[in-house]
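**Q** Shown below is the structure under consideration.
The values are calculated or read from the model by the stated rules, or taken from the named source; none is laboratory data. Treat the numbers as computed from the prediction; the structure is a model and nothing was measured. When the accessible area is computed, the model is the full protein with side chains, heavy atoms only, and any ligands, DNA or RNA have been set aside. Shrake-Rupley method; radii C 1.70, N 1.55, O 1.52, S 1.80 Å.
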Amino acid sequence: MSTRQCSPPNCLAMALHTFDEVLGLEEQFYRDGFNQGLEDGVQAGRIEGRTFGLEKGFEKYIESGRLYGKSIVWANRITHLQKRATDADNSVYGSPSQILATSSDNQSPQPVQLPNLKILPENQRLTKHVKVLHALAESESLSTENSEEAVSDFDDRLKRAQGKAKIIERIVGESQGDGATGLSATSSTSGGVI
């Protein structure tokens with residue numbers, strides 16, 4: 001039986017090689033874990049970024065739509081900008097201040113009287129601000145591209161429209177603060193149709 005003995009330089013080299021493999025194993029696990037975490041993070045970041053972008057875009061378009069609706073209401077309250085209904089339209093469609101709504105217990109439509117909004121004074125400055133607000137907030141000319149320039153343009157128009165709305169609110173004497181109107185807050189709890 002012959003036992004193989006290693007000479008001292010060979011044993012040392014073999015021992016170092018074994019320890020290098022063990023130490024290298026730790027480094028390999030670290031690199032593999034880092035690379036896998038990086039790949040997972042990139043994918044999760046894209047998903048999270050897209051979700052965040054959709055949420056923010058939706059919030060901005062809600063605000064833009066709210067300002068657009070306010071501009072239409074204000075424009076219809078200015079006497080020389082109002083679209084006057086003819087007597088024939090009133091006889092066919094009913095009074096513009098009435099709508100038909102159905103309650104949950106009764107299926108037949110019932111006319112509901114809406115509050116009449118006061119007519120705004122004829123003021124050239126007010127008219128100009130309402131027209132500019134309407135132009136800034138209308139969504140037809142807003143770009144929905146996901147480019148830096150389009151997003152910057154949208155944000156700029158939204159901020160300018162918010163500023164115009166504040167100016168108009170001060171001229172008219174209406175202060176909504178957070179933007180919630182009394183009509184929308186009560187209609188959602190009463191169950192009526194607007």
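**Q** On a full-extension model of 0.36 nm per residue, what is the gain between residue 51 and residue 174, subtracting their alpha-carbon distance, rounded to one decimal in nm?
**A** 40.7 nm
**Q** Which value, in Å², gives the accessible area per residue of the range 138-178 when a 1.4 Å probe is used on the protein heavy atoms?
**A** 71 Å²
**Q** Which entries in 56/131; 60/118; 56/128; 128/159 show an alpha-carbon gap greater than 25 Å?
**A** 56/131; 60/118; 56/128
**Q** Now a separate question. Could you go through the range 143-156 in sequence order and give the Karplus-derived ³J(HN,Hα) for each residue, using 6.51 cos²θ - 1.76 cosθ + 1.60 with θ = phi - 60°, rounded to whole Hz, and x for Gly and Pro?
**A** Once θ is set to phi - 60°, the couplings for the range 143-156 become 7, 9, 5, 9, 10, 4, 5, 5, 5, 5, 5, 4, 4, 5 Hz.
**Q** A further question on this structure: Once amide H atoms are placed 1.01 Å from N in the peptide plane, what residues at a sequence separation of 5 or more from residue 78, or on another chain, have their amide H within under 5 Å of its amide H?
**A** The list, which skips near neighbours in sequence, is 120.
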